[in-house]
Amino acid sequence: MNIKTFGPVDERSLKQLERCMQAGDADHGVLCADHHPGYSQPIGGAIAYEGYVSPSGVGYDIGCGNKAVCTELTRQDLDALGGVDRLMREITQRVSFGMGVPARERVGHPVLEKIRTAEFEPQRRLAGLAESQLGTVGSGNHYVNVMEDELGRIWVGVHFGSRGFGHKTASGFLALAQGLPFDGHATEGEMDSPPVLLELGTELGDAYVVAMQLAGQYAYAGRDVVVDKVLEILSASAVHEVHNHHNFAWQEEHLGRTYWVIRKGCTPARPGQEGFVGGSMGDESVILEGVESAEAQDSLFSTVHGAGRIMSRTQAAGRIRRRKRWECSARDCGRLFESPEDRCPEHPSVRLRKVWVAEQLKPGKVDWPAVQARLRERGIVLVGGGADEAPEVYKRLPDVLAAHAGSIRVKHTLRPLGVAMAGRDVHDPYKD
C-alpha cells in the first residue's frame with residue numbers, strides 16, 4: 001500500500017485508512033492535513049480502488065461540497081445596501097437552515113425531473129423530499145458566508161450537500177448491501193468498522209454509481225439555488241465561481257491506471273483546478289488551485305476541505321439532551337410549556353406549536369458567549385452557530401494549507417464578514 005500523509009498524523013485515522021485499503025486491495029491512499037476519524041473511512045482521506053466503490057467511504061452526505069462566487073461588489077457597496085447585519089438577517093429569513101426543514105421559497109430545477117424519472121427506481125420515491133429541501137442548508141458545519149478578499153471584493157460562499165435525498169440514498173444502499181430492501185434499516189457498525197464495498201460491474205455496484213451521481217447533481221443544484229438567492233438579495237451577479245464536491249467517488253486516471261477515487265472530506269485539486277476551502281466561523285477561507293508536482297500526484301490530486309476538527313462536538317458543547325416542548329406561537333412570545341393542552345397566560349387564544357429544545361446536561365470546554373463576543377469585536381456578524389463549531393474546535397487553516405504547500409497554491413484569501421448557520425440546538429443527520 002502506498003499512503004501519502006500531510007501534517008501530523010492521527011493514528012486512529014491512519015488505521016481507518018489502512019483498514020479500508022486492505023479490504024479493497026487498494027493501491028493508493030491519502031490523508032490530508034485536516035484529517036480526523038470518520039465513519040469507517042477517515043474524513044480528509046482519499047482511496048483509489050480499481051474494482052470497487054464505497055458507500056461508507058462517500059458517506060451519508062453524498063456530494064457535500066463548497067461553492068464560492070466573486071461579485072462585482074465592494075464593502076462600501078454592502079454598507080450602501082444597509083450593512084452586513086441587514087444582509088445576514090435577510091439571508092436567514094429566506095434560506096432555511098436545520099434538520100429536515102422544507103425550503104421557505106420553493107424553486108423549480110431540472111434536477112427534480114431527473115429524480116422523478118431516476119434510472120435507479122427507488123430514488124423516484126424521494127422526489128417529494130428532494131423538491132421540498134432543494135436550497136436548504138442543514139446544520140452542523142454547513143453555512144452561508146459573506147466574505148471580502150484582499151482586493152476588497154465581496155464573495156459569497158456556501159457549504160452543504162445533498163440533504164435528505166442523499167442521506168436516504170446512502171442509507172438505502174447500505175441496507176441493500178446487507179440484503180435488506182432499500183427502505184430497510186441497515187445495522188450501522190462502529191466508527192472503526194470495515195468499509196462497505198460494492199464491486200463495479202455488478203448490478204448493485206453500478207446502480208450505486210448512477211444513484212450517487214444523481215445525488216451529486218442535486219447537491220450542486222442546491223448550492224446553486226442558495227448562492228443565486230444571496231446574489232438576488234445583494235442585487236449582484238457572479239463574475240467568477242468555484243464549485244466542488246468533497247464527498248464523492250470519481251473515475252480517474254492515475255499513474256497510467258484507471259481507479260475509482262473515493263474522497264471523504266477531501267477536495268479534488270488537479271493542476272489548475274480551483275477549490276473553495278473554508279476555515280472556521282471566525283477564520284479566513286481561501287480559493288486555492290492544484291499545481292503540477294510529484295507531491296500532488298502522490299496525493300491523488302487531493303487537498304483539504306476545511307481546517308479539520310481537533311475537538312469533538314460533545315467535548316466542545318458538552319452533553320445536551322433534546323426534549324420536546326410546546327411554544328406559544330404569538331409573535332415575540334416564545335414561552336415554553338410541557339403539554340399541547342397548556343395555554344399561554346398572555347395569549348390564551350393562540351395555539352401552541354411543537355419545538356425541540358436543548359437542555360445542557362454536562363458543560364463543554366468552549367465558552368460560547370465569549371466566542372460570540374470575540375466575533376462581534378472583530379466585526380463578524382454571526383447568525384446561529386454554537387460551541388461545537390467555535391474556532392477553537394478546529395485546526396488553523398493556514399497550518400493545514402502549509403502542509404500542502406507543494407501540491408496547491410492559494411489564489412485568494414477571504415475574510416469573513418457574515419456567517420449564517422443553524423443554531424446549536426438543531427441536530428442534523430445529513431451533515432458530513
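The values are calculated or read from the model by the stated rules, or taken from the named source; none is laboratory data. Only a predicted model underlies this, so the values are computations on that prediction, with no experimental measurement involved. Please note: Cβ atoms are built from the backbone with ideal geometry, for glycine as well, and neighbour counts cover all protein chains shown. Surface accessibility is based on the protein's heavy atoms, side chains included, excluding ligands, DNA and RNA. Shrake-Rupley method; radii C 1.70, N 1.55, O 1.52, S 1.80 Å.
For the reader, a short list of remarks on this structure follows.
- Mean accessible surface per residue for the chain, computed with a 1.4 Å probe while every protein chain stays in place, in Å²: 42 Å²
- When the alpha carbon gyration tensor of region 273-432 is reduced to an equivalent ellipsoid, its three semi-axes come out at 41, 16, 15 angstrom, largest first.
- Gain in span if fully extended, Glu241 to Glu50, counting 0.36 nm per residue against the direct Cα distance: 65.5 nm
- With a 1.4 Å probe rolled over the protein heavy atoms of all chains, the accessible area of Ser235, Ser96 falls in the order Ser235, Ser96, largest first.
- Of the solvent-accessible surface of region 349-431, computed with a 1.4 Å probe over protein heavy atoms with every protein chain present, carbon and sulfur atoms account for 51 percent.
- For His240, the residues 5 or more places off, or on other chains, whose built amide H falls under 5 Å of its own are Cys70.
- Percent accessible area from carbon and sulfur atoms, region 1-45, protein chains only, probe 1.4 Å: 43 percent
- Pairs from Lys168/Lys229; Lys264/Lys395; Lys114/Lys168; Lys365/Lys395; Lys4/Lys67 whose Cα-Cα separation, in the structure shown, is over 22 Å: Lys168/Lys229; Lys4/Lys67
- Note on region 247-344: with charges restricted to the Cβ of Lys and Arg (+1) and Asp and Glu (-1), its dipole about the Cα centre is near 960 debye.
- Where only DSSP H runs of four or more residues are counted, the chain gives -8500 deg cm²/dmol as its mean residue ellipticity at 222 nm, each run worth -39500 (n - 2.57).
- Reach of Lys354 by Cα under 20 Å, taken over lysines that are not fewer than 8 positions away in the same chain: Lys324
- Acute angle (nearest 10 degrees) that the helix 368-377 long axis makes with the longest principal axis of the chain, alpha-carbon atoms: 90 degrees
- Based on the convex hull around the alpha carbon atoms, region 1-90 presents an average projected area of 9.0 nm².
- Subtracting the Cα-Cα distance of Asp25 and Lys411 from 0.36 nm times their residue separation leaves 135.3 nm of extension gain.
- Gap separating the Cα centres of region 378-419 and region 8-81, nearest whole Å: 16 Å
- Cα long-axis angle, helix 163-177 against the chain (0 to 90 degrees, to the nearest 10): 40 degrees
- Residue separation of Glu105 and Glu377 scaled by 0.36 nm, minus their Cα-Cα distance, works out to 94.6 nm of gained length.
- Separation of region 179-251 and region 254-322, taken as the distance between their Cα centroids, equals 16 angstrom.
- Percent RCO, i.e. relative contact order, over region 331-432, from Cα pairs under 8 Å lying at least 6 residues apart: 29 percent
- Of all the options Asp61, Asp224, Asp367, the one that moves most in a Gaussian network model of the chain with Cα springs shorter than 10 angstrom is Asp367.
- Dipole of region 327-432 computed with +1 at Lys/Arg Cβ and -1 at Asp/Glu Cβ about the Cα centre; of Val357, Gly379, Ala390, farthest Cα towards the positive end is Gly379.
- In this label model, Asp228 and Asp183 are separated by 3.1 nm, measuring between points 7 Å along each Cα→Cβ vector.
- Database note for the chain: Cys without another Cys beta carbon under 4.7 angstrom, Cys20, Cys32, Cys64, Cys70, Cys266.
- All-pairs Cα distance distribution in region 131-250, expressed in whole percent, bin size 10 Å: 11, 35, 29, 15, 9, 1
- Student exercise, the chain dipole from Lys, Arg, Asp, Glu Cβ charges, in Debye to nearest 20: 1520 debye
- Highest mobility in the GNM of the chain, judged by mean-square fluctuation with C-alpha springs under 10 Å and restricted to Pro42, Pro195, Pro345, is found for Pro345.
- Dipole orientation for region 1-157: of the candidates Gly24, Leu73, Gly135, Gly135 has the Cα lying most toward the positive pole (charges on Cβ; Lys, Arg +1; Asp, Glu -1).
- A convex hull fitted to the Cα coordinates of region 250-309 yields 87 cubic angstrom per residue.
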